[in-house]
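Can you read through this structure? Questions will come right after.
The values are calculated or read from the model by the stated rules, or taken from the named source; none is laboratory data. Note that the structure is predicted; figures quoted are calculated from it, not measured. FYI the Cβ positions are ideal-geometry reconstructions off the backbone, even for glycines, and counts take in every protein chain you see.
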Amino acid sequence: MLQMAQILLPVDFSENCKGAARYAGMLACRWHSELTMLHVVPKSEYPIVGMEAPPDFFELRRAVVSEADKNLDAFLNEELRGLSVKRLVVEGDPASEIVKTAHATRSDLIVMPTHGYGPFRRFLLGSVTAKVLHDADCPVLTGVHMEKGPTQAAVFRNILCAVDLGPQSTAALTWAGRIAEELGANLNVIHVLPPVEVGQARYFDQQFNAAVQRSARDAVEELQNRVGTHATVIIDNGDVSKIVHGAAESLKSDLVVIGRHVDAGILGRLRTHAYAIVREAPCPVLSV
């Protein structure tokens, strides 16, 4: 059974954030989760002259935090009524505070949009989301099409899980399978091979590609046997993000699930393909 006791929702008061909040609310209702709404006041919002703070600096800071408290208390208050909701306002670097709060609250999931507005746009147009995806230990639900929120009470009806057959593929397919099972959703699994380079020996190229596809299909089926899923398998060649985008559109997917790499080294948890999938997918993306 999928555990989702704690959900963290970073809030910047944008329209995209309202959509993300509705996703978080629907999931919290379904899994009886506690929802923590977090607003981060960046230190850069306070004017500093030279190396010293202005005389009214601390009064200004209190006023900014107080205003943020009021806005957060009123944010979707009616829509989220009946849920267990905790509201927090902190100061600092947005991405760092989101990750720190997720760890402190032992969050099972972070739900956030990829875009903000106004002074927050520079933080949420990729940079904050990318850093959270890089640093967070728990799964993150995000996407560029979250402004309207879920369109139906069941939240997710068609789920597409993209696997690269790396270490995190097991975790990604496990999450996808459990969500699909508990919501009664359709599940498809896709694995994308590199583009086929057709040389002079075209016949042999086609034979080789067919053999590679069979091998990949066998590996995905072996993964499914380990996880316990029985999804339809799609094997294709080409640009990963474009193939996943096309499959999600044709299958009318309302959730794409991908794996992040467990190491947080130079390349980070979210590799190039995964980042492109998040940016280009026609629906929210859960990165595990």
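Take the residues in the range 72-111 that are among the small types (Gly, Ala, Ser) and within 21 Å of Arg30 (Cα to Cα), then tell me which one is farthest from the chain's Cα centre (by Cα).
Gly82
Can you pull out every residue in the range 140-182 that is surrounded by fewer than 18 Cβ atoms within 10 Å (Cβ to Cβ), touching an Asp or Glu at 6+ places or on another chain (Cβ under 8 Å) and of a type in the set (Val, Ile, Thr)?
The one that is surrounded by fewer than 18 Cβ atoms within 10 Å (Cβ to Cβ), touching an Asp or Glu at 6+ places or on another chain (Cβ under 8 Å) and of a type in the set (Val, Ile, Thr): Thr151.
Is it the case that some residue within the range 89-100 is modelled with pLDDT under 90 and surrounded by 14 or more Cβ atoms within 10 Å (Cβ to Cβ)?
First, pick out the residues of the range 89-100 that are modelled with pLDDT under 90: none.
No.
For the structure I just gave you, tell me whether Val65 is at pLDDT 90 or above and either in a helix (DSSP H, G or I) or touching an Asp or Glu at 6+ places or on another chain (Cβ under 9 Å) (or both).
Details: at pLDDT 90 or above: no; either in a helix (DSSP H, G or I) or touching an Asp or Glu at 6+ places or on another chain (Cβ under 9 Å) (or both): yes.
No, not satisfied.
Here's a follow-up. Search the range 77-100 for residues that are under 13 Å from Ala21 (Cβ atoms) and pair each with any residue that is part of a helix (DSSP H, G or I) when their beta-carbon atoms are under 6 Å apart and the residues are at least 6 apart or on different chains.
Qualifying pairs under 6 Å: Leu80/Gly25; Leu83/Ala28; Arg87/Leu72.
Identify all residues within the range 172-204 that are at pLDDT 95 or above and of a type in the set (Gly, Ala, Ser); write none if there are none.
Correct list: Ala172, Ala176, Gly177, Ala180, Ala185.
Restricting attention to the range 29-46, does a residue exist that is out of contact with any strand residue (DSSP E or B) (no Cβ under 8 Å at 6 or more places or on another chain), of a type in the set (S, T, N, Q) and modelled with pLDDT under 85?
yes
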